Amino acid sequence: MGGHGSNLLGSLLPLVALFAIFYFLIIRPQQKQSKNHKKMLSELKKGQVIVTNGGLIVEIIKVEEDFLKVKNPDGSELKLIKTHVAKQYEQNS
């Protein structure tokens, strides 16, 4: 009967290993990226230039609770949901 229990453990081991690999390659990096994105969003300030998820490059003119008031290069103003900020824009000069 002892042999039967070790067979079960032996068949579960590859599954456990697969889950561990999946966790460290996919889940953990996503959690880290999400945490970094939240930190970046909380540090946004007026005057910063950002890139939206849609690819627009705009300047922040006002930071609100859930929204940002932003300005297009042509001077028009938009309201942007904070979570749609992809990253801060860094000019390559």
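Does at least one position in segment 38-47 carry a residue that is small (Gly, Ala, Ser), exposed (fewer than 10 other Cβ atoms within 10 Å of the Cβ) and either part of a helix (DSSP H, G or I) or in contact with a Leu (Cβ under 8 Å, 6 or more places away or on another chain) (or both)?
Initially, segment 38-47 is screened for residues small (Gly, Ala, Ser), giving 42, 47.
Filter once more, so that each one left must be exposed (fewer than 10 other Cβ atoms within 10 Å of the Cβ): 42, 47.
Filter again for either part of a helix (DSSP H, G or I) or in contact with a Leu (Cβ under 8 Å, 6 or more places away or on another chain) (or both), leaving 42.
Within segment 38-47, one or more residues are small (Gly, Ala, Ser), exposed (fewer than 10 other Cβ atoms within 10 Å of the Cβ) and either part of a helix (DSSP H, G or I) or in contact with a Leu (Cβ under 8 Å, 6 or more places away or on another chain) (or both).
Yes/no per residue for (1) loosely packed, with under 10 Cβ neighbours inside 10 Å; (2) under 15 Å from the mean Cα position of the chain (by Cα):
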position: Lys35; (1), (2): no, yes
position: Val58; (1), (2): no, no
position: Glu65; (1), (2): yes, no
position: Lys69; (1), (2): no, no
position: Lys87; (1), (2): no, yes
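FYI, it's all coordinate maths here, none of it is from the lab. All values reported here derive from a predicted model rather than from experimental measurement. When we count neighbours, we look across all protein chains shown, and the Cβ atoms used for this are built from the backbone with ideal geometry, even at glycine.
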